[in-house]
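First comes the structure, then the notes that go with it.
The values are calculated or read from the model by the stated rules, or taken from the named source; none is laboratory data. Predicted model, so just to flag it, every value in this text is computed and none were measured. Neighbour counts are summed over all protein chains in view; Cβ atoms, including those assigned to glycine, are modelled from backbone coordinates with ideal geometry.
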Amino acid sequence: MKQCGVALYGCGTVGGGVAEIILGRRGALADRLGSRLRLLYVVDKRLRELAGELDLPPSVRLTDDLDEPLRDPDVDVVVELLGGKTVAASVIEKALRAGKDVVTANKALLAAQGTRLFGIARESKRSIAFEASVAGCIPIIAAMRSAMVAERVESVYGIVNGTCNYILTRMSEGALPYEEALSEAQQRGYAEADPALDVEGDDSVHKLAVLARLAFGVEVREEDIYREGISSIEPADLRYAHSLGYTLKLLAIGIRGGDGLELRVHPALLRHGHPLAAVGGARNAVCVHGDSVGEVVFTGLGAGRWPTASAVVADLCRIALKTYQREFSELPQFAEVPRARVIPLEELRMRYYFRLSCLDRAGVLARVAGVLGRHEISIASCIQQDQALPGEEHVTVVFMTHEAREGALRDALAEINELDCIDGSRARMLRVVDV
């Protein structure tokens with residue numbers, strides 16, 4: 001049995017978990033693969049700190065030299081957990097050219113440079129495995145790469161950011177304002193001190209770019225994907241949506257259209273009965289629609305030390321067993337693929353929720369309805385607050401539309417918000433996803 005030598009770059013939260021699993025201190029790796037995986041190097045700047053934390057055996061070298069493991073012929077695979085796009089890209093490229101396979105969790109790098117790095121890998125007759133880049137321990141990459149290889153994927157919907165899902169869950173179940181829910185997520189370690197990457201949708205965009213390549217066989221760049229985060233969501237919208245039978249989630253959405261793809265990340269209303277609507281807390285879920293299998297839902301922990309480390313080690317096992325390299329070299333998703341033709345958001349048709357703050361007097365709703373009618377938008381339902389609150393002149397009115405074109409809805413709302421009977425600063429709009 002040939003051993004597979006591993007060099008681990010980056011030993012933070014996830015990297016430390018990977019080291020523990022390979023060294024047999026957690027999990028059942030030895031029962032499944034024996035001693036096939038062998039950790040040879042841990043590469044990190046924090047040498048003194050890690051020397052005390054990891055309790056590494058003498059056979060594992062702790063170093064801050066990025067190039068040393070790449071010169072070692074006993075290293076078969078490099079695990080990149082450094083994060084970022086500069087040093088990480090350099091390490092991966094050098095590893096591939098040195099004849100090493102690569103395992104990474106770096107979705108931002110794959111979204112930005114995946115095509116280039118995949119090309120280098122195939123040119124070097126090596127592979128890049130990236131299960132941990134999307135949805136933690138959920139094996140969505142393996143499923144789409146292998147189990148669903150014969151499927152024509154029609155759509156992918158995902159809750160792929162645990163931070164946002166936790167915040168929206170607490171806002172809904174605990175009736176917390178956004179700022180309090182975010183603070184609680186930070187205290188629990190679900191959100192960073194600067195949460196912008198998560199709450200503004202960028203992290204979900206990176207993951208959707210990775211998923212779309214596998215699902216639709218196209219190159220997707222970050223700028224191709226519309227993004228909208230959750231920082232402007234108010235508890236009132238969650239309450240009204242719930243009363244209408246909907247749950248709000250931040251979704252990453254990819255849909256195959258007639259002449260292109262819909263690619264977008266934004267808060268979306270799902271009917272209570274849909275499986276994704278029931279996914280709460282920091283959990284993730286991805287729903288894939290195939291032309292033969294129909295709807296398949298994957299759910300589990302989407303982040304954290306052990307779920308992500310488990311996904312990294314699963315990729316290491318596939319490489320050690322020589323099952324991954326052949327798939328990578330043969331499947332067209334990892335070769336040169338066409339650039340995605342993305343349908344502009346303004347052209348999409350869907351249903352909408354919007355909330356207005358209207359003066360409490362006769363004729364206001366007729367004026368709103370007139371604007372909507374001119375833009376060919378039909379109202380499906382309406383909820384109106386009985387009367388203005390003490391000291392207020394305005395009442396809240398919530399509308400649900402029938403299917404309408406996004407561009408028309410935006411134009412109509414812009415016109416409505418200019419009416420003298422509407423407080424446009426308090427208007428809110430959400431999209432409905434009918435899965």
Report summary line: residue 407: passes all of (1) in contact (Cβ under 8 Å) with a residue 60 or more places away in the chain; (2) in contact with a Lys or Arg (Cβ under 9 Å, 6 or more places away or on another chain); (3) in a helix (DSSP H, G or I) but (2)
Query raised in the report: What strands (runs of 3 or more DSSP E), lying completely within the stretch 221-327, carry at least 1 residues that are of a type in the set (Phe, Trp, Tyr)?
Result: 246-256, 294-301
Query raised in the report: Tally time: how many residues in the stretch 50-64 are surrounded by fewer than 16 Cβ atoms within 10 Å (Cβ to Cβ) and under 32 Å from the mean Cα position of the chain (by Cα)?
Result: 2
Query raised in the report: Would a scan of the stretch 227-246 turn up a residue that is among the charged types (D, E, K, R), surrounded by 18 or more Cβ atoms within 10 Å (Cβ to Cβ) and in contact with a Leu (Cβ under 6 Å, 6 or more places away or on another chain)?
Result: no
Report summary line: Among 82, 96, 39, 56, the single one that is assigned to a helix (DSSP H, G or I) and either in contact (Cβ under 8 Å) with a residue 24 or more places away in the chain or not assigned by TED's automatic domain parsing to the domain that holds residue 130 (or both) is 96
Query raised in the report: Taking the stretch 135-170 only, how many residues are touching a helix residue (DSSP H, G or I) at 6+ places or on another chain (Cβ under 9 Å) and either on the phi > 0 side of the Ramachandran plot or without any contact (Cβ under 8 Å) to a residue 12 or more places away in the chain (or both)?
Result: 2
**Report entry** Checklist (1) within 27 Å of residue 220 (Cβ to Cβ); (2) out of contact with any Phe, Trp or Tyr (no Cβ under 8 Å at 6 or more places or on another chain); (3) crowded, with 18+ Cβ neighbours inside 10 Å; (4) free of Cβ contacts under 8 Å to residues at least 40 places away in the same chain applied to residue 87, failing item
**Finding:** (3)
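This table checks each residue for (1) of a type in the set (A, V, I, L, M); (2) over 25 Å from residue 253 (Cβ atoms).
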{"site": "68", "(1), (2)": "no, yes"}
{"site": "95", "(1), (2)": "yes, yes"}
{"site": "100", "(1), (2)": "no, yes"}
{"site": "122", "(1), (2)": "no, yes"}
{"site": "140", "(1), (2)": "yes, no"}
{"site": "146", "(1), (2)": "no, no"}
{"site": "160", "(1), (2)": "yes, no"}
Report summary line: Looking across the stretch 378-389 at residues that are modelled with pLDDT under 65 and out of contact with any Asp or Glu (no Cβ under 9 Å at 6 or more places or on another chain), the single one that is surrounded by the most Cβ atoms within 10 Å (Cβ to Cβ) is 389
Query raised in the report: Could we say that residue 411 is at pLDDT 95 or above, surrounded by 16 or more Cβ atoms within 10 Å (Cβ to Cβ) and acidic (Asp, Glu) here?
Result: yes
Report summary line: Taking the stretch 143-172 and keeping residues among the hydrophobic types (A, V, I, L, M, F, W, C) and either surrounded by fewer than 20 Cβ atoms within 10 Å (Cβ to Cβ) or under 23 Å from residue 342 (Cα atoms) (or both) leaves 143, 144, 147, 148, 149, 150, 153, 156, 159, 160
Query raised in the report: Name the residues in the stretch 318-362 that are buried (at least 17 other Cβ atoms within 10 Å of the Cβ) and under 30 Å from residue 33 (Cα atoms), would you?
Result: 318, 319, 320, 324, 325, 327, 328, 333, 334
